[in-house]
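Student: Take this structure first; my questions come after.
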Amino acid sequence: MFDLIKGSKIRWLIIYIIEIVLVGVYIAANRTLGDEYSFFKSDTFVFILLGLLMILPMYAGFFSVRSFEKAVRKNYITITNTLGADISEAYSFGEMGLIIYNDKREIIWSSNIFTERGIKVLGLTIDQRFPNLKAFFENGDGKQAPETLREKVNQRIYEVMQLAELNVLIFKDISEVDNLYKLRKDEAPVFTMILLDNLLDVANIAADDEYVQIEALIRKTIADWSKEFNVVIKKIKEDSYFGIMSEESYVKIRDGEFKIINDVSKLSSHRDIVFTISLGFGRGIQNFSKLSELAAAAIDVAQSRGGGQVVVNNFGGRMEFFGGAGTEVKMRRNAVRNKVLAQSFFAHVQTYQSIYILVHTEADFDAIGAALGIVAIANAANRPAVIVYDEKQVEVKARMMLKELFSKNELHIYSLSRAKAIERINSPSLVVVVYVNRASITTAPKILEIAKNVAVIDHHRKA
């Protein structure tokens with residue numbers, strides 16, 4: 001279409017050049033030959049000639065404009081016939097716009113909505129004005145053009161569909177729908193479970209005033225974090241919290257790299273014990289019960305991976321992991337936990353006058369070794385300790401090992417029969433069960449029935 005206008009300009013220029021040349025020839029002839037040889041005897045002919053030459057460009061311009069109008073009208077009629085006679089009114093009501101382009105992707109016509117919204121399109125190419133729509137025309141190598149594309153113009157979002165055979169683009173204003181979708185997405189609920197991995201272990205060894213101070217610092221850190229990110233938080237246990245937030249808040253927390261983990265860890269920078277915190281998130285669904293299940297499952301996975309990290313459980317998708325999920329973190333936490341438990345158990349042993357140790361029947365090297373370890377701890381605490389068993393309850397190889405390592409006198413000091421143990425046990429006594437957690441298969445089930453103080457140490461059970 002713009003080639004037509006360009007051609008008209010060239011025609012006008014040629015006509016003007018011809019006009020100037022003819023006038024120049026006439027003037028030169030008059031001056032050279034004189035009036036008697038002049039082709040025109042009167043200036044009237046000159047003015048008539050000039051008038052005709054002036055009319056020709058006007059006619060050419062009129063013809064070009066008419067041709068342009070006919071071309072546009074032809075395209076518009078084709079669209080109207082295709083989409084219906086009431087297209088203009090329907091498109092105006094639906095906030096839709098039409099654009100017609102030529103084979104060079106030059107925009108040659110647009111509906112009123114673009115003018116009303118101050119969007120200049122005429123005279124520009126599709127690539128210049130709407131760069132996101134290039135994909136409509138990049139369907140070579142067997143690629144199929146997309147059905148719709150999105151274009152943002154003057155802070156409004158348009159969904160665009162192409163009628164390739166007609167060289168037409170249809171624009172639909174979806175700004176309000178897009179805003180509602182974004183609002184619904186941003187306000188979607190997200191649940192979180194927060195667990196202080198080793199707070200209870202700290203409580204077992206820290207002095208009361210120190211523990212109160214530590215717990216208060218952690219509580220304040222979590223409260224400040226929840227306020228910053230607009231999270232509704234509720235303490236459900238001494239070491240765990242439950243939180244509800246919007247998807248928008250979750251995204252901000254994620255973009256901030258879950259800084260709560262580092263904030264809690266910093267609280268132990270000047271202490272021997274390392275505080276760690278784990279978070280489990282449930283998201284991607286409106287059902288509150290399901291979100292709660294997702295968050296609970298996420299925190300379980302975080303604990304199984306060593307703690308000190310974040311697990312995000314996406315409904316219908318894969319879990320995401322953030323923070324220290326490696327072996328190093330798990331080993332560090334286990335080392336801290338073991339140290340805390342050892343200190344707690346040692347302090348516990350010191351509160352009793354005597355220690356009685358039970359193992360499982362058919363005691364093997366592992367069971368006897370664990371029992372001897374408790375004897376060593378009791379001796380370090382200056383408390384007498386004995387292993388309760390009868391000789392027949394120990395495997396042959398383990399029995400031979402005991403006789404090889406200890407004299408009869410030493411065995412008499414560190415071991416005791418079931419009958420004598422039942423007679424001696426009293427309130428200030430502590431019964432320690434090692435390497436087994438079922439009373440029925442211990443070397444002295446009767447003792448567990450009468451004992452008031454029992455500690456179980458067994459890697460087969462979850463502490």
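The values are calculated or read from the model by the stated rules, or taken from the named source; none is laboratory data. Since the structure is predicted, the reported quantities are computational estimates derived from the model, not experimental observations. Every residue, glycine among them, receives a Cβ derived from its backbone with ideal geometry; neighbour counts consider all protein chains shown.
Student: Against the conditions (1) under 60 Å from the mean Cα position of the chain (by Cα); (2) surrounded by 14 or more Cβ atoms within 10 Å (Cβ to Cβ); (3) under 19 Å from ASN453 (Cα atoms), where does ARG399 fall short? Just the number, please.
Tutor: (3)
Student: For the stretch 186-223, enumerate the residues that are part of a loop (DSSP other than H, G, I, E, B) and not aliphatic (A, V, I, L, M). Please lay out each step first, then the result.
Tutor: Step one: filter the stretch 186-223 for residues part of a loop (DSSP other than H, G, I, E, B), giving 187-188, 197-198, 206-207.
Residues satisfying the conditions are GLU187, ASP197, ASN198.
Student: Based on this model, can you work out whether ALA421 counts as over 30 Å from SER304 (Cα atoms), of a type in the set (A, V, I, L, M) and in contact with a strand residue (DSSP E or B) (Cβ under 9 Å, 6 or more places away or on another chain)? It would help to see each step written out before you state the result.
Tutor: Details: over 30 Å from SER304 (Cα atoms): yes; of a type in the set (A, V, I, L, M): yes; in contact with a strand residue (DSSP E or B) (Cβ under 9 Å, 6 or more places away or on another chain): yes.
Answer is yes for this residue.
Student: Something else: Going by the structure shown, is ASN139 closer than 15 Å to GLN162 by Cβ, part of a loop (DSSP other than H, G, I, E, B) and out of contact with any helix residue (DSSP H, G or I) (no Cβ under 7 Å at 6 or more places or on another chain)?
Tutor: On the way: closer than 15 Å to GLN162 by Cβ: yes; part of a loop (DSSP other than H, G, I, E, B): yes; out of contact with any helix residue (DSSP H, G or I) (no Cβ under 7 Å at 6 or more places or on another chain): yes.
Taking the combined requirement at face value, the residue satisfies it.
Student: If you scan the stretch 159-181, which residues turn out to be touching a residue at least 40 places away in the same chain (Cβ under 8 Å) and in a strand (DSSP E or B)? Before you say what the answer is, go through the steps one by one.
Tutor: Just the residues of the stretch 159-181 that are touching a residue at least 40 places away in the same chain (Cβ under 8 Å), to begin with: 163, 166-173.
Once the filter is applied, which keeps residues that are touching a residue at least 40 places away in the same chain (Cβ under 8 Å) and in a strand (DSSP E or B), the stretch 159-181 yields LEU163, VAL168, LEU169, ILE170, PHE171, LYS172, ASP173.
Student: Now, a different point. Any residue at all in the stretch 418-437 that's farther than 27 Å from GLN343 by Cβ and hydroxyl-bearing (Ser, Thr, Tyr)? Lay out the reasoning, then the answer.
Tutor: So in the stretch 418-437, the residues farther than 27 Å from GLN343 by Cβ come out as 418-424.
After this cut, where a residue has to be hydroxyl-bearing (Ser, Thr, Tyr) as well, the list is none.
There is no residue in the stretch 418-437 that is farther than 27 Å from GLN343 by Cβ and hydroxyl-bearing (Ser, Thr, Tyr).
Student: A further question follows. Do the conditions hold for LYS420, that is, is it basic (Lys, Arg), modelled with pLDDT of 90 or more, in contact with a helix residue (DSSP H, G or I) (Cβ under 8 Å, 6 or more places away or on another chain) and not in a loop (DSSP other than H, G, I, E, B)? So that I can check it myself, show each step before the final result.
Tutor: Values: basic (Lys, Arg): yes; modelled with pLDDT of 90 or more: yes; in contact with a helix residue (DSSP H, G or I) (Cβ under 8 Å, 6 or more places away or on another chain): no; not in a loop (DSSP other than H, G, I, E, B): yes.
Taking the combined requirement at face value, the residue does not satisfy it.
Student: Condition first: among the hydroxyl-bearing types (Ser, Thr, Tyr) and out of contact with any Leu (no Cβ under 9 Å at 6 or more places or on another chain). Now tell me which residues in the stretch 159-192 satisfy that. Steps first, please.
Tutor: First, the residues of the stretch 159-192 that are among the hydroxyl-bearing types (Ser, Thr, Tyr): 175, 181, 192.
Passing the criteria: SER175, TYR181.
Student: Go through (1) surrounded by 15 or more Cβ atoms within 10 Å (Cβ to Cβ); (2) at pLDDT below 90 one by one and return the number of the condition ILE260 breaks.
Tutor: ILE260 satisfies every listed condition except (2).
Student: Restricting to the stretch 300-310, name every residue that is surrounded by fewer than 24 Cβ atoms within 10 Å (Cβ to Cβ) and part of a helix (DSSP H, G or I).
Tutor: If the condition is that a residue be surrounded by fewer than 24 Cβ atoms within 10 Å (Cβ to Cβ) and part of a helix (DSSP H, G or I), then ASP300, VAL301, GLN303, SER304 are the ones that fit.
Student: Moving on to the next point. Determine whether PHE275 is part of a loop (DSSP other than H, G, I, E, B), of a type in the set (A, V, I, L, M, F, W, C), surrounded by 12 or more Cβ atoms within 10 Å (Cβ to Cβ) and at negative phi.
Tutor: Criteria met by PHE275.
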